[in-house]
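Asker: What follows is a single structure, and I will ask about it in a moment.
The values are calculated or read from the model by the stated rules, or taken from the named source; none is laboratory data. Keep in mind it's a predicted model, so treat the numbers as computed, not measured. Cβ placement follows ideal geometry from the backbone for every residue including glycine, while neighbour counts extend to all protein chains displayed.
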Amino acid sequence: MYSSVPIQTIFLFYRNEGLLRGLYTMSYTKPSKIQKMAIPLILANPPRNLIAQSQNGTGKTAAFVLAMLKRIDPDLKQTQAICLAPSRELARQMLDFIQEVSKYLTITSAGILRDVFKPTARASLNKNQMLTDHIVVGTPGTILNCLRKRHTINVNHIKMFVLDEADNMLDYQGLGDQSIRIRNLIPVQPQILLFSATFPDYVCRFARRFAPDPHEIMLKVEELSVSSIGQCYMDCINEEQKYNVVCNIYDVLTVSQSIIFCKRRKSADVIARKMRELGHLVNCIHGEMTPDERDVIIDDFRRGIFKVLVTTNLISRGIDITSVSLVINYEMPLDRYGNPDAEVYLHRIGRTGRFGHTGVSIIFVHDETTYRHMKYIEDYFKVKIRRIPTEDWQEIEKIFKQYI
């Protein structure tokens, strides 16, 4: 039945009826550019490592997941792939995708989130019970804990080791050290897959040591920006006007869902509280919240229970909510030296304009320093960031309608 569905050569899986069915029910009919390029490289024999870069919202997760499902032996009831993500939210999203696309297969997957198993279609396991799922997903800390302390993952049959948002995984706080330790605990030589939208040169050099002799799919800097996102800035007088303009945007314009990014948790809390007081459907998420609180907030946002999510960089990477049409950089992301962080900016605005949808990103500028930061982003990506007036709301609405 599903082999007759018009799905283009179906990612090399045309002989697998179960996967065809999963892809069809998820409305996958045509592979994206990164999927066309990456999947054949991953599945080539003998297996070879891969470092793959592609724009936000182009299907990187599907590329490595579909290849993984092809590589795994469903008859071997042992863990054969480990997938790492930098945040709990992204790990949950990855697991949900794996379980959805593989639901007509006999391949099982489990997530290790806060040292709690989230298995496939069976009762919850004891946290010290050995996993037999083919695919295990988690953050570096929880996976490492299961390997070193609980000994609940058998690594003797690992075929694939995947780092999603790999540049972040190899260069952020303790994630890099943890990822290396996990790799060193795998006694066999797995195929290592590193995927991200950004790979700074210094991270790329380390990635080549982490995943030796890799195939590489890389982009030029000017290719990183997504053309379906209208990049704009609003020039405000001061911080107070910034807040007033944010509120006016939601009073005047029709926006499906949006994300507002701040530098600090306190700023995110204050903005969310003030907007709620004005009657806006707003919530806030950041790292000081409990895992359960964060899960509920993300799930409610996906379901459209509220329209505006105020956050820090916690969800700047990988989170896929296609109804997000607006991203606001209330405060620009800065690196440890106080300079604009172009990679984080790119990941932030990549929460909109996904999979061919259109979106708008706005930078708020209120003084010479923030204007200079905006110009740096413009020069770095070789794009024109359009100025939007802050007082003429008819003109603002006209500009928005050009994009969304």
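Asker: Output the strands (runs of 3 or more DSSP E) that fall wholly within region 118-216 and possess 2 or more residues being modelled with pLDDT of 95 or more and in contact with a Phe, Trp or Tyr (Cβ under 9 Å, 6 or more places away or on another chain), or say none.
Answerer: Per the criteria, 160-164, 191-196.
Asker: Still on this model: Working carefully through the options Val155, Val136, Val188, find the one that is more than 21 Å from Gly350 (Cβ to Cβ) and buried (at least 21 other Cβ atoms within 10 Å of the Cβ).
Answerer: Val136
Asker: Moving on to the next point. Assess whether Ala85 counts as being at pLDDT 95 or above and either within 20 Å of His215 (Cβ to Cβ) or not assigned by TED's automatic domain parsing to the domain that holds Gln35 (or both).
Answerer: no
Asker: Cβ-Cβ under 8 Å, sequence separation 6+ or interchain: first residue in region 11-29 and among the aromatic types (Phe, Trp, Tyr), partner surrounded by fewer than 17 Cβ atoms within 10 Å (Cβ to Cβ) and at pLDDT below 80. Which pairs?
Answerer: Tyr14/Ser3; Tyr24/Val5
Asker: Ok, one more. Which residues, counting only those in region 304-322, are of a type outside the set (A, V, I, L, M, F, W, C) and either in the same structural domain as Phe199 (by TED's automatic domain parsing) or under 13 Å from Ser258 (Cα atoms) (or both)?
Answerer: Those that are of a type outside the set (A, V, I, L, M, F, W, C) and either in the same structural domain as Phe199 (by TED's automatic domain parsing) or under 13 Å from Ser258 (Cα atoms) (or both): Gly304, Lys307, Thr311, Ser316, Asp320, Thr322.
Asker: Suppose we keep only residues that are of a type in the set (Ser, Thr, Tyr) and touching a strand residue (DSSP E or B) at 6+ places or on another chain (Cβ under 9 Å) within region 45-100. Which one would you say is surrounded by the most Cβ atoms within 10 Å (Cβ to Cβ)?
Answerer: Thr79
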